[in-house]
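Everything below concerns the one structure shown next.
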Amino acid sequence: MTDLVGPLCASYTEVEAGSRQAYRDPIREPIYAMPTMDLKDYGAAFISLRERLYSYLFVLVRDRQLAEDLLQELYLVMARAVERGEAIHDLDAWCRGTARNLALHHWREQRARPRTLDAGLLELIDLAFTEDPEALRRLAGLKELLARCCASLSAPARRLLDLKYRADLAAEEIAATTGRSRRGVITALARIREQLEACVRARLPEGDA
Amino acid sequence: MKPIAELILRWQEDDLDAAGLAELRTVLGTPAGRSRFLEHLGLSVALMRLADEKLLQAPAPVRRWRWSGRCAAALVLMAIGATALWLATPPPLATVVAVAAGAAPDIERGAARLPIVVGTALRAGDRIRTGAAGLSLRYADEATRIDLAADSSLRLLESPGRREVRLEDGRLEAQVAKQPADRVLAFTTVHAEARVIGTRLALALEGQRTRLSVSEGRVRFQATGGGQAVEVAAAASAVASADGVQLEAAAGAAPLAPAAGCLWGVSLRAEAPAAAQLTALEAGIGRPFALVHQYQAFSDFRQDRPFPSAAQRLWAEGGRLLMIDWKPRLGDQPLLWAEVADGLYDAEYVDPLARKAAAWGRPFFLSLHHDPESQIGPAGSGMEAADFVRMWRHVHARFTAAGAGQVVWVWSMSGATAAAPLWNACYPGDDCVDWLACAAYNNLRGADGQGPWLSLRELVTPFITWMRQDFSGDHRKPLMLSVYACSEDPGSPTAKADWFRALPGEVRDIPEIKALIYFHDRALSADSSPAALAGFRTAAADPFFNPTPRDAAAP
């Protein structure tokens, strides 16, 4: 067989000869290597990490919708890696590394990476995710408790939270909607959050606070 | 020291100065600070989830009353009245989030006309008019944002399962959040409807037509009244008028790309006399091919070998375009990309072909090492993706230096799903790539009935998906199926013919495809059976595969 033929021709000829076992294109072999891992298992593990990975992406891209999109993208990248037979020993670390690349790719594309998101801070954030995996859920895990604390807030405070966390508006947009200054919105949100945290911690069972 | 919540919030708003940033670093420099950071983040995400469940909305105040019969009756009447009032006042659908300076926009709500300011709540049925400057609005319960230009008007409409933004005049741009499965968001004009799932688009009424430009995602664009529909992909645009809707050929501006339709090509076996193969197949389908493809190696273009060959020259003179898939090999021996990039083969192989191409002067397609993904080696092997890119750019530069600027460069990948993660790394850059290409083989293992039977659309989906979603940026490169083929289905003598007959419809739906080249080889041949040839002939006769010839001048 000359090399001046189609990209799959060698394999094709072997199929013609009736040898399915011989269907091995030496060129494409690395790509079509049989997966050694079960995608279903990885999928389940990914789902268990979903909220954690979403949080990581959100902190890097600062946009709810975009973080969701990148999370789906991350799953696809993982599925392709599993299909390729790539060894993923630490799924959490592997996914965070890939998520970080996706986020950085996004900022490169936008040519507008926030000036406050530098490599040093990224390292520290990554370290936070590595050394205290439970911290993310410490205050947020008790949904009913958090909901009760939210219910105790004033109506304007809840409206601010709603604009920030449901409508996903930037401080500037909230400022335009509510007639406050941008800095005033941030300060108010910070105070409301502190109030909420204090409420949750006060109601946590002994030893959890 | 600022409270940590404020510090993080300001950081997320990109609102920290150097001192604030240093403070944040100090916080994150300790394990306790990092834990606090994660707690803050966890709380943010939890609040998002609560907000999505509407648990952040203030409840109605509850008061205790001492009931009497009269009081209860009065309250019932009040409740009925309040309910009637509530029913007559639909909830806000969207909010105005920005109004440009100098604008005096207003809302037409029934018979009333109300001024618009930032924060104005918009309801279903409202007609919004901008004046000398535009405004931005955002849906209340989703992140969709619409920027309405000056001198424009739109109506916001809502019915069960459907939201509609009706552009009545002017222009809008929209960043559309992903829509829930049970709801449609449609942008409409008098000419057409653009139905979106999640995308960034611009819609403009231009006299007797509406133009839709999509910069992210995909939009189904349908003529008013349920007429013809097209799917408009990212970086593409379409126009709707009384004559229907039509995609605009953004990619058609590439060299040798037809403005509309698709080039019909064939790849010929290297071993058999190529001229005879071509003559026989063209007689069988009753038309000439627009494009003839051949695989060649570096060693085919030594100083003493002619280019183009006598047959290639003849085909070109007959109006056919030529495509060469050029592999860095000397006979059976593959060459290292890094060595080609370093110029080791310039004098003997690269420069001679570049000079001959320049002397010939005709544009032709040239692909350098098709399907490189599977040969990518480890670091230091000389076969890394970066080496492939370097090789490509080097060879391209040698051709340019030799005066062969008319060559049309086709970057050709395998198209296999598993190879997708490598494509971005292998891309040499817009400045030295004119077309993208991938392969599509149906039922390649079909001789023993094991291979999947897939439509052309299914076969190219991985590559198209990558082009639309992962190949970010405004590349606007047309796609060539540098080889596609279908084998016979032993269980169905007409399956291959049917597969061919479906081609025009399928390729029409994928506007990126501007050329396709059939791999006419042995059992994959287009004429592997009389039925197959008949199907191939039917497809070849479709006007879509007979585009009006474009000027083939040097790009």
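Given a Förster distance of 35 Å, report the FRET efficiency between A:Arg50 and B:Arg155 from their Cβ-Cβ distance, rounded to the nearest 0.05. Efficiency, from the Cβ-Cβ distance: 0.35.
Sorted from largest to smallest, which semi-axis lengths in Å does the alpha carbon gyration tensor of region B:1-43 give for its equivalent ellipsoid, taking the root of 5 times each eigenvalue?
Values: eigenvalues 49, 31, 11 Å².
The equivalent ellipsoid of region B:1-43 has semi-axes of 16, 12, 7 Å.
Share of pairwise Cα-Cα distances greater than 28 Å in region A:67-209 is 40 percent (whole percent).
Label separation (B:Ala132 vs B:Ala425): 5.6 nm, computed from points 7 Å beyond Cα along the C-beta direction. Order these by the 10 Å Cβ neighbour count, fewest first: B:Glu13, A:Glu123. Ranking B:Glu13, A:Glu123 by Cβ neighbours within 10 Å, fewest first, gives A:Glu123, B:Glu13. Would you mind checking region B:293-334 for residues with the amide N under 19 Å from a putative spin-label position 7 Å along Cα→C-beta of B:Asn546? Residues B:318-321 qualify, since their backbone N sits under 19 Å from the label point. Each residue of chain B gets 262 Å³ once the volume of the Cα convex hull is shared out per residue.
In terms of other Cβ atoms within 10 Å, B:Tyr345, A:Tyr56 run from fewest to most in the order B:Tyr345, A:Tyr56.
Based on the Cβ-Cβ distance of B:Ala124 and B:Glu53, what FRET efficiency does E = 1/(1 + (r/R0)^6) give at R0 = 35 Å, to the nearest 0.05? Mind showing how you got there, number by number?
Working: r = 23 Å, r/R0 = 0.66.
Step by step, r from the Cβ atoms, then E = 0.90.
Lysine pairs in chain B with alpha-carbon atoms under 26 Å apart, 8 or more places apart or on different chains: how many are there? Here the count comes out as 6. Here the spin labels are modelled as points 7 Å beyond Cα on the Cα-Cβ line, and at B:Thr279 and B:Ala310 they lie 1.2 nm apart.
Multiplying the residue separation of A:Glu134 and A:Leu121 by 0.36 nm and removing their Cα-Cα distance gives an extension gain of 2.7 nm. In this label model, B:Ser529 and A:Arg180 are separated by 7.3 nm, measuring between points 7 Å along each Cα→Cβ vector. Relative contact order for region B:118-163: what percent, with Cα pairs under 8 Å and sequence separation of 6 or more? Contact order relative to length: 43 percent. Just add up the charged neighbours of B:Asp126: K/R +1, D/E -1, any other residue whose Cβ is under 9 Å from the Cβ of B:Asp126. Taking every other residue near B:Asp126 into account, the sum is +3. On the basis of the beta-carbon distance and an R0 of 56 Å, A:Leu39 and A:Arg201 show a calculated FRET efficiency of 0.85.
Neighbour counts of other Cβ atoms within 10 Å put B:Ser159, B:Ser213 in the fewest-to-most order B:Ser159, B:Ser213. Positive contributions from Lys and Arg (+1) and negative ones from Asp and Glu (-1), summed over other residues with Cβ under 15 Å from the Cβ of A:Ala93, come out at -4. Which net charge results for the neighbourhood of A:Leu153, defined as the other residues with beta-carbon distances under 11 angstrom from its beta-carbon, given Lys and Arg at +1 and Asp and Glu at -1? The answer is +4.
Since every read-out is calculated from the coordinates, none of them should be taken as a lab result. Computed from a predicted structure; not experimentally measured. When we count neighbours, we look across all protein chains shown, and the Cβ atoms used for this are built from the backbone with ideal geometry, even at glycine.
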